[in-house]
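The values are calculated or read from the model by the stated rules, or taken from the named source; none is laboratory data. Keep in mind it's a predicted model, so treat the numbers as computed, not measured. Cβ atoms come from the backbone with ideal geometry, glycine included; neighbour counts cover every protein chain shown. What goes into the accessible areas is simple: the full protein's heavy atoms, side chains included, and nothing from ligands, DNA or RNA. Shrake-Rupley method; radii C 1.70, N 1.55, O 1.52, S 1.80 Å.
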Amino acid sequence: MEKINNYDEFLSIIKSEISLVIAKTKMCVVCKPMSEKLKVFMIDYPSIPAYELYLEDVEMFQGQQLVFTVPTILVFSEGKEILRESRFIDFEKIKRLFDLYLN
């Protein structure tokens, strides 16, 4: 997963056909294993770009995207949020969405 370093970079990334962003913090003990699980999950979807974003590095993201808890996974399609999963991530829901998108 590539790292997003600023809000403008985030805005350009989500304009693509579909993309996934995981928002996390550096002090979150759940974020690291969830991020690793997401990396393994995304192996099945090589055509869908996945990014990670630290709220400490992109402070504007938290307020603009209304992220109040971490980890939060956001899926965007052409600039619009189509799925949000926070704290307790339902990978089956993400899988169903990706499978619908790819078929």
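Things to note:
- Three principal axis lengths of region 59-103 [C-alpha, angstrom, descending]: 36, 25, 10
- Fraction of antiparallel bridges per DSSP, region 13-103 only, in percent to nearest 5: 70 percent
- Taking every C-alpha pair closer than 8 Å and separated by at least 6 residues, the mean separation divided by the residue count of the chain gives a relative contact order of 35 percent.
- For the chain, the solvent-accessible area with a 1.4 angstrom probe is 58 square angstrom per residue.
- Largest GNM mean-square fluctuation across 27, 60, 42, computed for the chain with C-alpha springs under 10 Å, falls on 27.
- Rolling a 1.4 Å probe over the protein heavy atoms of the chain, with every protein chain left in place, gives an accessible area that is 54 percent carbon and sulfur.
- Cross-link table 39/93; 3/93; 15/80; 39/95; 3/39; 3/95, entries beyond 19 Å C-alpha to C-alpha: 3/93; 3/95
- Exposed-loop-free span, longest in the chain, where trypsin sites (Lys or Arg not before Pro) count as exposed if DSSP calls them loop and at most 13 other C-beta atoms lie within 10 Å: 27-86
- From the largest down, the chain spans 36, 28, 20 angstrom on the principal axes of its Cα atoms.
- Region 50-103: GluC sites (Glu not before Pro) falling in loop per DSSP and having at most 13 other Cβ within 10 Å: 56, 78
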